[in-house]
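Read the structure below first, then the notes.
The values are calculated or read from the model by the stated rules, or taken from the named source; none is laboratory data. Note that the structure is a prediction, hence the values are computed from the model and not measured. Every residue, glycine as well, gets a Cβ built from its backbone with ideal geometry; the counts of neighbours run over all protein chains shown. When the accessible area is computed, the model is the full protein with side chains, heavy atoms only, and any ligands, DNA or RNA have been set aside. Shrake-Rupley method; radii C 1.70, N 1.55, O 1.52, S 1.80 Å.
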Amino acid sequence: MSTKNVYRRKKKTRLRKLPFIILALIALLVLLGFWVKSSYNNGIQFARDHGKQEKKYEFNGPINKDAKVNILILGQDRVVDGSARTDSIMVAQYDYLSKKMKLMSVMRDIYAEIPGYQNYKINTAYTLGGPELLRQTLKKNLDIDLEYYAIIDFKGFEQMVDELSPQGIPINVEKDMSEKIGVSLKKGQHNLNGKELLGYARFRNDEESDFGRVRRQQQVIKALENEFVSLSTLPKVPKLAGIARGYVDTNMTNSDIFKTGASFAIRGNKDIQTLVIPVKGTFNFKDVYGVGNVLDIDKEANKQAIKKFLAE
(Lines give C-alpha, C1' and ligand atoms only; values in the text may rest on other atoms or scores of the structure.)
Protein backbone atom coordinates (compact mmCIF):
# COMPACT_ATOMS: atom_id res chain seq x y z
CA MET A 1 0.00 0.00 0.00
CA SER A 2 1.35 3.36 -0.98
CA THR A 3 2.17 6.07 1.53
CA LYS A 4 -0.51 8.23 -0.09
CA ASN A 5 -3.22 5.62 0.53
CA VAL A 6 -2.13 5.14 4.15
CA TYR A 7 -2.36 8.90 4.69
CA ARG A 8 -5.87 8.99 3.17
CA ARG A 9 -7.05 6.11 5.35
CA LYS A 10 -5.73 7.77 8.53
CA LYS A 11 -7.37 11.05 7.52
CA LYS A 12 -10.74 9.32 6.99
CA THR A 13 -10.40 7.60 10.37
CA ARG A 14 -9.73 10.93 12.06
CA LEU A 15 -12.71 12.50 10.31
CA ARG A 16 -14.98 9.64 11.44
CA LYS A 17 -13.78 10.07 15.03
CA LEU A 18 -14.18 13.87 15.03
CA PRO A 19 -17.96 13.96 15.75
CA PHE A 20 -17.48 11.62 18.72
CA ILE A 21 -14.65 13.79 20.08
CA ILE A 22 -16.82 16.89 19.75
CA LEU A 23 -19.75 15.14 21.47
CA ALA A 24 -17.46 13.97 24.26
CA LEU A 25 -16.18 17.53 24.79
CA ILE A 26 -19.73 18.89 24.80
CA ALA A 27 -20.79 16.24 27.32
CA LEU A 28 -17.78 17.09 29.50
CA LEU A 29 -18.62 20.79 29.42
CA VAL A 30 -22.27 20.09 30.27
CA LEU A 31 -21.24 17.90 33.22
CA LEU A 32 -18.77 20.56 34.35
CA GLY A 33 -21.53 23.17 34.15
CA PHE A 34 -23.89 20.99 36.22
CA TRP A 35 -21.15 20.41 38.79
CA VAL A 36 -20.36 24.13 39.09
CA LYS A 37 -24.05 25.03 39.41
CA SER A 38 -24.69 22.27 41.94
CA SER A 39 -21.67 23.25 44.07
CA TYR A 40 -22.67 26.92 43.91
CA ASN A 41 -26.26 26.12 44.96
CA ASN A 42 -24.96 23.92 47.78
CA GLY A 43 -23.03 26.91 49.10
CA ILE A 44 -26.10 29.14 48.96
CA GLN A 45 -28.21 26.45 50.66
CA PHE A 46 -25.57 26.17 53.38
CA ALA A 47 -26.17 29.83 54.24
CA ARG A 48 -29.95 29.34 54.16
CA ASP A 49 -29.70 26.29 56.44
CA HIS A 50 -27.84 28.45 58.95
CA GLY A 51 -30.60 31.03 59.06
CA LYS A 52 -29.34 33.66 56.61
CA GLN A 53 -32.10 35.29 54.60
CA GLU A 54 -31.28 37.74 51.82
CA LYS A 55 -32.28 41.36 52.38
CA LYS A 56 -32.54 44.08 49.76
CA TYR A 57 -31.61 47.71 50.44
CA GLU A 58 -32.21 50.96 48.63
CA PHE A 59 -29.14 51.96 46.66
CA ASN A 60 -29.17 54.56 43.90
CA GLY A 61 -25.59 54.43 42.68
CA PRO A 62 -25.07 55.53 39.07
CA ILE A 63 -24.06 52.74 36.66
CA ASN A 64 -20.99 54.03 34.84
CA LYS A 65 -19.94 52.90 31.37
CA ASP A 66 -16.19 53.15 31.92
CA ALA A 67 -15.33 49.41 32.13
CA LYS A 68 -14.79 49.78 35.88
CA VAL A 69 -17.02 48.46 38.64
CA ASN A 70 -17.01 50.19 42.05
CA ILE A 71 -18.47 48.30 45.02
CA LEU A 72 -19.14 49.51 48.56
CA ILE A 73 -18.19 46.60 50.84
CA LEU A 74 -19.50 46.68 54.41
CA GLY A 75 -18.90 44.32 57.28
CA GLN A 76 -22.09 44.36 59.35
CA ASP A 77 -21.20 44.43 63.03
CA ARG A 78 -24.48 43.70 64.77
CA VAL A 79 -28.08 44.86 64.97
CA VAL A 80 -29.10 46.67 68.17
CA ASP A 81 -32.76 47.69 68.66
CA GLY A 82 -33.34 47.34 64.92
CA SER A 83 -30.36 49.53 63.96
CA ALA A 84 -27.41 47.94 62.15
CA ARG A 85 -23.79 48.99 62.59
CA THR A 86 -20.92 48.58 60.19
CA ASP A 87 -17.59 47.42 61.53
CA SER A 88 -15.65 48.15 58.33
CA ILE A 89 -16.08 50.30 55.23
CA MET A 90 -14.23 49.39 52.04
CA VAL A 91 -14.42 50.28 48.37
CA ALA A 92 -13.42 47.66 45.81
CA GLN A 93 -12.79 48.53 42.18
CA TYR A 94 -12.23 46.09 39.32
CA ASP A 95 -11.08 47.36 35.94
CA TYR A 96 -12.12 45.03 33.09
CA LEU A 97 -9.57 46.58 30.72
CA SER A 98 -6.42 46.63 32.87
CA LYS A 99 -7.61 43.60 34.92
CA LYS A 100 -6.56 45.38 38.13
CA MET A 101 -8.30 44.93 41.47
CA LYS A 102 -8.05 47.77 43.99
CA LEU A 103 -9.22 47.92 47.58
CA MET A 104 -9.61 51.08 49.61
CA SER A 105 -10.33 51.12 53.37
CA VAL A 106 -12.22 54.11 54.78
CA MET A 107 -11.69 54.77 58.49
CA ARG A 108 -15.03 54.68 60.27
CA ASP A 109 -14.16 57.54 62.68
CA ILE A 110 -13.82 60.18 59.93
CA TYR A 111 -15.82 63.27 60.93
CA ALA A 112 -18.22 63.72 58.04
CA GLU A 113 -21.19 65.68 56.75
CA ILE A 114 -24.15 63.29 56.67
CA PRO A 115 -26.87 64.53 54.28
CA GLY A 116 -30.01 65.44 56.23
CA TYR A 117 -28.33 65.01 59.62
CA GLN A 118 -25.74 66.70 61.81
CA ASN A 119 -22.06 65.98 61.30
CA TYR A 120 -20.98 62.72 62.86
CA LYS A 121 -18.61 59.78 62.39
CA ILE A 122 -18.90 58.50 58.83
CA ASN A 123 -20.03 54.99 59.79
CA THR A 124 -23.08 56.51 61.55
CA ALA A 125 -24.57 57.15 58.10
CA TYR A 126 -25.11 53.39 57.75
CA THR A 127 -26.94 53.19 61.07
CA LEU A 128 -29.14 56.16 60.15
CA GLY A 129 -30.00 55.26 56.56
CA GLY A 130 -28.36 52.05 55.43
CA PRO A 131 -26.02 51.71 52.45
CA GLU A 132 -27.80 54.41 50.43
CA LEU A 133 -27.17 57.16 53.00
CA LEU A 134 -23.59 55.96 53.39
CA ARG A 135 -23.21 56.11 49.60
CA GLN A 136 -24.44 59.72 49.63
CA THR A 137 -22.10 60.55 52.53
CA LEU A 138 -19.06 59.09 50.76
CA LYS A 139 -19.95 61.03 47.61
CA LYS A 140 -20.41 64.30 49.50
CA ASN A 141 -17.25 64.05 51.60
CA LEU A 142 -14.82 62.08 49.40
CA ASP A 143 -16.33 62.34 45.90
CA ILE A 144 -16.54 58.56 45.45
CA ASP A 145 -19.09 57.21 42.95
CA LEU A 146 -20.34 53.76 43.92
CA GLU A 147 -22.47 51.52 41.71
CA TYR A 148 -23.06 48.53 43.96
CA TYR A 149 -23.09 47.51 47.61
CA ALA A 150 -22.15 44.23 49.29
CA ILE A 151 -22.95 43.74 52.98
CA ILE A 152 -21.04 40.83 54.48
CA ASP A 153 -22.44 38.78 57.33
CA PHE A 154 -19.56 37.95 59.65
CA LYS A 155 -20.83 34.40 60.16
CA GLY A 156 -20.50 33.89 56.42
CA PHE A 157 -16.89 35.07 56.55
CA GLU A 158 -16.12 32.45 59.20
CA GLN A 159 -17.78 29.66 57.22
CA MET A 160 -16.07 30.63 53.98
CA VAL A 161 -12.63 30.62 55.64
CA ASP A 162 -13.26 27.20 57.20
CA GLU A 163 -14.38 25.80 53.83
CA LEU A 164 -11.43 27.39 52.03
CA SER A 165 -8.79 26.09 54.41
CA PRO A 166 -9.89 23.52 57.04
CA GLN A 167 -6.36 23.63 58.51
CA GLY A 168 -6.62 27.39 59.02
CA ILE A 169 -5.03 30.47 57.45
CA PRO A 170 -1.39 31.15 58.41
CA ILE A 171 -1.10 34.51 60.20
CA ASN A 172 1.68 36.03 62.28
CA VAL A 173 -0.30 37.36 65.26
CA GLU A 174 1.56 40.45 66.36
CA LYS A 175 0.43 40.49 70.01
CA ASP A 176 -1.87 38.75 72.48
CA MET A 177 -5.49 39.68 71.65
CA SER A 178 -8.81 38.89 73.29
CA GLU A 179 -10.75 42.03 74.23
CA LYS A 180 -14.11 42.39 72.41
CA ILE A 181 -13.30 39.90 69.61
CA GLY A 182 -14.87 36.70 70.99
CA VAL A 183 -11.64 34.67 70.86
CA SER A 184 -8.28 34.59 72.62
CA LEU A 185 -5.20 34.84 70.39
CA LYS A 186 -1.56 34.46 71.40
CA LYS A 187 1.38 36.26 69.84
CA GLY A 188 3.24 34.26 67.19
CA GLN A 189 2.72 32.33 63.97
CA HIS A 190 -0.58 30.42 63.97
CA ASN A 191 -3.07 28.85 61.60
CA LEU A 192 -6.33 30.65 62.38
CA ASN A 193 -9.78 29.25 61.73
CA GLY A 194 -12.63 31.44 60.51
CA LYS A 195 -13.72 32.75 63.91
CA GLU A 196 -10.15 33.43 65.00
CA LEU A 197 -9.25 35.16 61.73
CA LEU A 198 -12.32 37.38 62.02
CA GLY A 199 -11.38 38.27 65.60
CA TYR A 200 -7.84 39.12 64.52
CA ALA A 201 -9.16 41.39 61.75
CA ARG A 202 -11.58 43.16 64.11
CA PHE A 203 -9.28 43.80 67.08
CA ARG A 204 -8.92 47.51 67.88
CA ASN A 205 -8.36 47.74 71.64
CA ASP A 206 -4.79 49.01 71.62
CA GLU A 207 -2.93 52.26 70.98
CA GLU A 208 -3.37 51.92 67.21
CA SER A 209 -7.17 51.66 67.48
CA ASP A 210 -8.83 51.72 64.04
CA PHE A 211 -5.52 52.24 62.20
CA GLY A 212 -4.26 48.89 63.48
CA ARG A 213 -7.53 47.20 62.62
CA VAL A 214 -7.50 48.47 59.04
CA ARG A 215 -3.89 47.35 58.64
CA ARG A 216 -4.77 43.88 59.95
CA GLN A 217 -7.83 43.69 57.70
CA GLN A 218 -5.62 44.25 54.68
CA GLN A 219 -3.13 41.68 56.04
CA VAL A 220 -5.98 39.16 56.26
CA ILE A 221 -7.09 39.95 52.70
CA LYS A 222 -3.56 39.28 51.43
CA ALA A 223 -3.45 35.97 53.33
CA LEU A 224 -6.81 34.91 51.87
CA GLU A 225 -5.64 35.98 48.42
CA ASN A 226 -2.67 33.59 48.71
CA GLU A 227 -5.05 30.72 49.56
CA PHE A 228 -7.44 31.52 46.71
CA VAL A 229 -4.76 31.41 44.01
CA SER A 230 -3.46 27.97 45.06
CA LEU A 231 -4.33 25.03 42.78
CA SER A 232 -5.78 23.05 45.69
CA THR A 233 -8.50 25.68 46.07
CA LEU A 234 -9.75 25.46 42.48
CA PRO A 235 -12.28 22.62 43.05
CA LYS A 236 -13.71 24.53 46.04
CA VAL A 237 -14.33 27.78 44.16
CA PRO A 238 -17.98 27.15 43.11
CA LYS A 239 -19.08 26.21 46.63
CA LEU A 240 -17.07 29.07 48.15
CA ALA A 241 -18.77 31.45 45.73
CA GLY A 242 -22.15 30.04 46.79
CA ILE A 243 -21.38 30.45 50.50
CA ALA A 244 -20.17 34.00 49.90
CA ARG A 245 -23.27 34.81 47.84
CA GLY A 246 -25.55 33.27 50.45
CA TYR A 247 -24.11 35.37 53.26
CA VAL A 248 -23.81 38.62 51.29
CA ASP A 249 -26.64 41.09 50.66
CA THR A 250 -25.97 42.90 47.39
CA ASN A 251 -27.66 44.63 44.48
CA MET A 252 -25.30 42.93 42.01
CA THR A 253 -26.97 40.31 39.83
CA ASN A 254 -25.58 36.76 39.69
CA SER A 255 -24.44 37.43 36.11
CA ASP A 256 -22.56 40.58 37.26
CA ILE A 257 -20.91 38.59 40.06
CA PHE A 258 -19.91 35.73 37.76
CA LYS A 259 -18.62 38.08 35.07
CA THR A 260 -16.47 40.06 37.49
CA GLY A 261 -15.30 36.99 39.41
CA ALA A 262 -14.43 35.00 36.29
CA SER A 263 -12.54 37.91 34.72
CA PHE A 264 -10.47 38.42 37.87
CA ALA A 265 -9.91 34.69 38.52
CA ILE A 266 -8.83 33.88 34.95
CA ARG A 267 -7.08 37.02 33.73
CA GLY A 268 -6.90 39.44 36.65
CA ASN A 269 -3.75 40.82 38.23
CA LYS A 270 -3.68 39.00 41.60
CA ASP A 271 -1.53 41.72 43.21
CA ILE A 272 -4.38 43.70 44.80
CA GLN A 273 -3.53 47.39 45.26
CA THR A 274 -4.60 48.97 48.57
CA LEU A 275 -5.13 52.43 50.03
CA VAL A 276 -6.23 53.70 53.45
CA ILE A 277 -8.32 56.86 53.80
CA PRO A 278 -7.35 59.27 55.27
CA VAL A 279 -3.86 59.15 53.82
CA LYS A 280 -0.87 60.05 55.97
CA GLY A 281 -0.44 63.70 56.87
CA THR A 282 -4.04 64.67 56.02
CA PHE A 283 -5.81 64.35 59.37
CA ASN A 284 -5.85 65.33 63.03
CA PHE A 285 -7.50 63.77 66.06
CA LYS A 286 -10.26 65.90 67.49
CA ASP A 287 -12.76 65.66 70.36
CA VAL A 288 -16.26 66.73 69.38
CA TYR A 289 -18.96 67.21 72.01
CA GLY A 290 -21.63 64.53 71.73
CA VAL A 291 -19.60 62.58 69.15
CA GLY A 292 -16.32 61.67 70.83
CA ASN A 293 -12.85 61.33 69.37
CA VAL A 294 -12.90 61.71 65.58
CA LEU A 295 -10.57 62.04 62.60
CA ASP A 296 -10.77 65.58 61.25
CA ILE A 297 -9.48 65.18 57.69
CA ASP A 298 -8.32 67.38 54.83
CA LYS A 299 -11.09 66.41 52.43
CA GLU A 300 -9.57 67.94 49.30
CA ALA A 301 -6.23 66.19 49.81
CA ASN A 302 -8.00 62.86 50.29
CA LYS A 303 -10.24 63.41 47.27
CA GLN A 304 -7.15 63.89 45.13
CA ALA A 305 -5.49 60.78 46.59
CA ILE A 306 -8.62 58.71 45.87
CA LYS A 307 -8.96 60.08 42.35
CA LYS A 308 -5.32 59.24 41.58
CA PHE A 309 -5.57 55.75 43.13
CA LEU A 310 -8.71 54.75 41.24
CA ALA A 311 -7.57 56.28 37.94
CA GLU A 312 -4.10 54.69 37.73
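Some points to look at:
- Pick from region 82-112, criterion not aromatic (F, W, Y) and not in a strand (DSSP E or B), ranking: surrounded by the fewest Cβ atoms within 10 Å (Cβ to Cβ): G82
- Some residue of region 200-209 being part of a helix (DSSP H, G or I) and surrounded by fewer than 20 Cβ atoms within 10 Å (Cβ to Cβ): yes
Here is a yes/no grid of residues against (1) out of contact with any Asp or Glu (no Cβ under 8 Å at 6 or more places or on another chain); (2) part of a strand (DSSP E or B); (3) more than 21 Å from M90 (Cβ to Cβ):
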site: I152; (1), (2), (3): yes, yes, no
site: F157; (1), (2), (3): yes, no, no
site: M160; (1), (2), (3): yes, no, no
site: E163; (1), (2), (3): yes, no, yes
site: P166; (1), (2), (3): yes, no, yes
site: I171; (1), (2), (3): yes, yes, no
site: K175; (1), (2), (3): no, no, yes
site: G182; (1), (2), (3): yes, no, yes
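- Every condition in (1) open to solvent by less than 40 Å² (accessible area, probe 1.4 Å); (2) at pLDDT below 95; (3) in contact with a Phe, Trp or Tyr (Cβ under 6 Å, 6 or more places away or on another chain); (4) within 23 Å of A201 (Cβ to Cβ) holds for L72 except the one numbered (2).
- Pairs are defined by a Cβ separation below 9 Å, a sequence spacing of at least 6 or placement on different chains, a first member in region 113-141 that is touching a residue at least 40 places away in the same chain (Cβ under 8 Å) and surrounded by fewer than 20 Cβ atoms within 10 Å (Cβ to Cβ), and a second member that is part of a loop (DSSP other than H, G, I, E, B) and of a type in the set (S, T, N, Q); the pairs so defined are E132/N60.
- Of all residues in region 265-300 being of a type in the set (G, A, S) and either touching a Cys at 6+ places or on another chain (Cβ under 7 Å) or surrounded by 14 or more Cβ atoms within 10 Å (Cβ to Cβ) (or both), the one that is nearest to D143 (Cα to Cα): G268
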